[in-house]
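Notes for the one structure printed next.
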Amino acid sequence: MRHHIGVLAFALAFAAAACAPVDTDTAETAPAVEPVSDVLTEAEQAALTPEQVLEQLKEGNQRFVEGRLTLRDYNAQAAATAAGQFPKAAILGCVDSRVPPEIVFDQGIGDLFVGRVAGNFENEDLLGSLEFATAVAGTPLIVVLGHTSCGAIKGAVAGVELGNLTAMLDNFDEVLAQVREIQAMGTVDPEEAALIQAAIEENVRRTMADILESSEVISGLVESGDLGVVGGVYDLATGQVTWMES
């Protein structure tokens, strides 16, 4: 009997507490987060160094990894950039749907130029696009962004042949030859998964080097200190970018 009386008393006390009026003057409330609507201006872009932009991308990727993406007013940013754009970085990435640069670097509309092709390699068209982004539009940083488990690299390793894909995969012949040579020397694990990962990283390095070798415009900007060219490999499982700085 005492047990039932005690339970009843506890229930009545809990109900009374739940129904008690809340003092709205003292109750703590989280401040409302205003979405970001600002966009980069020409003066702000001109003041950025390649090192500063790289640091901003690293910080943005860390926010993405930690689930702290910036709240943005995309409609306002779209309207603000309608008359002009002053991006901070140009990303040469893969077409893979799991690696959207604006999201993985936590950037908004007008922040990034993005060129994408399976396997994130350079060709004449992409070089011209990067020259526009840097020499014409003033972007101070180029990022070559590869990713783990790249289907293009896997296809090249497997010798896939399919329509125009066959010729596209030829772009990785030199990378695979170099990695296989290193693998034969015993410095790379003989397993195919290790070969693929090594090729993904080497492909980023080679693309960075090819951009500088194939474009006097870009290499000149790098020599003057107005432009940086870096690489990174995005981990599909963790969202983390591992950087390769030149």
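Values quoted throughout were computed directly from the atomic coordinates according to the rules given, and no laboratory measurement underlies them. In this text, all values refer to a predicted model and were calculated from it rather than measured experimentally. As a convention, Cβ positions derive from the backbone with ideal geometry for all residues, glycine included, and neighbour counts pool all protein chains shown.
Of all beta bridges that DSSP places with both ends in region 48-245, some 25 percent have antiparallel geometry.
Rounded, prolate or oblate: which fits region 45-115 when a ≥ b ≥ c are the square roots of the eigenvalues of the alpha-carbon gyration tensor, with rounded for a/c under 1.5 and prolate only if a/b beats b/c? Here region 45-115 falls in the rounded category. Overall, the anisotropy analysis places region 48-245 in the prolate class: the square-rooted eigenvalues a ≥ b ≥ c of its C-alpha gyration tensor yield a/c not less than 1.5, with a/b exceeding b/c.
Per-residue ellipticity at 222 nm, computed for the chain from helices alone with -39500 (n - 2.57) per DSSP H run of at least four residues, works out to -14000 deg cm²/dmol. What percent do you get for the relative contact order of the chain when only Cα pairs under 8 Å and 6+ apart count? So the answer I get is 20 percent.
Under the shape rule built on the C-alpha gyration tensor, where the axes satisfy a ≥ b ≥ c, region 105-151 is oblate, since a/c reaches at least 1.5 while a/b does not exceed b/c.
Per-residue Cβ neighbour counts within 10 Å put 134, 49 in the sequence 49, 134, beginning with the fewest.
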